[in-house]
1. Please list, in order along region 28-39, the HN-Hα scalar couplings obtained from phi with the Karplus expression 6.51 cos²θ - 1.76 cosθ + 1.60 (θ = phi - 60°), rounded to whole Hz, x for Gly and Pro.
2. Among the listed pairs 88/242; 96/243; 70/183; 70/243; 63/88, give every one whose C-alpha distance is greater than 28 Å.
3. Considering amide H positions built from the backbone, and no H for Pro or chain starts, which residues 5 or more places from residue 107, or on another chain, come under 5 Å of its amide H?
4. Projected onto the charge dipole of the chain (+1 at Lys/Arg Cβ, -1 at Asp/Glu Cβ, origin at the Cα centre), which of 79, 175, 120 gives the Cα projection farthest towards the positive end?
5. For region 74-118, state the semi-axes of the equivalent ellipsoid (square roots of 5 times the eigenvalues of the alpha-carbon gyration tensor), sorted largest first and rounded to whole angstrom.
6. Each residue of region 193-202 in turn: what ³J(HN,Hα) in whole Hz from Karplus with 6.51, -1.76, 1.60 and θ = phi - 60°, glycine and Pro shown as x?
7. Once you charge only the Cβ atoms, +1 for Lys and Arg and -1 for Asp and Glu, what is the size of the charge dipole of region 62-136 about its Cα centre, to the nearest 20 debye?
8. I'd like to know how region 1-115 sits against the 2.2 N^0.38 Å rule of thumb: what's its Cα Rg over that expected value?
Amino acid sequence: MEILANVAAALIGISLGLIGGGGSILTMPVLVYLFGVNPLLATSYSLFIVGSTSLAGTVGNFKRGLVNIKTALLFGSASISTVFLTRKLVIPFIPKTILRIGNFDLSENMLMMVLFAVLMVAAAVAMIRGTKEENYERKRPKLNVGKLLLYGISIGLATGFLGAGGGFLLIPTLVILVGLPMKEAVGTSLFIIALNSLIGFTGDLGHFSIDWIFLAKITAIAIAGIVVGGMISKRIDGERLKKGFGWFVLVMGCYIILKEVVLK
């Protein structure tokens, strides 16, 4: 089981390197179902793993001039503070049992996994539909700062509660609202995800007992995976892979909902 879990951890990074996003959506299921990590703690570990791998991916994009720092900081000002406050002030106070109806108990673990599965389904649909530039109106929009900040808060809440990077939400936002070219949107998205996730993780310090050796090992495997994925992506059509990966994530999301709600 440990070998399978390590392979799955490598696939998180490989998928990020191959298709530029979506891999982080696997982090929570891998941690919970293969490594046996408590779902609430897994959201914290996921922030560190996703943030570190995204930062590694940002370096190469920054060297190629594909990271818009100004947009990242403007967007990130709302999302980063939202993630940090969510992890610091909300997550520690979620009760173990949220709702009890007769013999049915809605626990924090069940809620986390079901919400994450819903996010997986949304991410899968976005990947299957594709995010090519031609899917969007390409005239440069007038920058709506208020709307940008609102989107930042929304993505910050998703990242803060579920430990997911939200690249499938960020990239269309950066293309449609800001008018960034697709490659620049991907690079900027990785930078925002890195900031959101790593700063959000600092909000957990003191609330959880962190197994740093385990966390460092999984993160190192995922980062190695993103390097390998980047090399493979030069030879394989990323868009076709993204759709295939999207169907896989869709099946996984539906399975988690069934497992947590129906088969419990």
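1. 4, x, 5, 5, 6, 8, 9, 9, x, 7, 4, x
2. 88/242; 96/243; 70/243; 63/88
3. 98
4. So the residue furthest toward the plus end is 175.
5. Result for region 74-118: semi-axes of 28, 12, 6 Å.
6. 4, 4, 5, 4, 5, 5, 6, x, 4, 5
7. Approximately 300 debye in magnitude.
8. With N residues counted in region 1-115, Rg over 2.2 N^0.38 Å equals 1.28.
We did not get these values from a lab; they are worked out from the coordinates using the rules stated. No experiment lies behind these values; they were computed from the predicted model shown. Every residue, glycine as well, gets a Cβ built from its backbone with ideal geometry; the counts of neighbours run over all protein chains shown.
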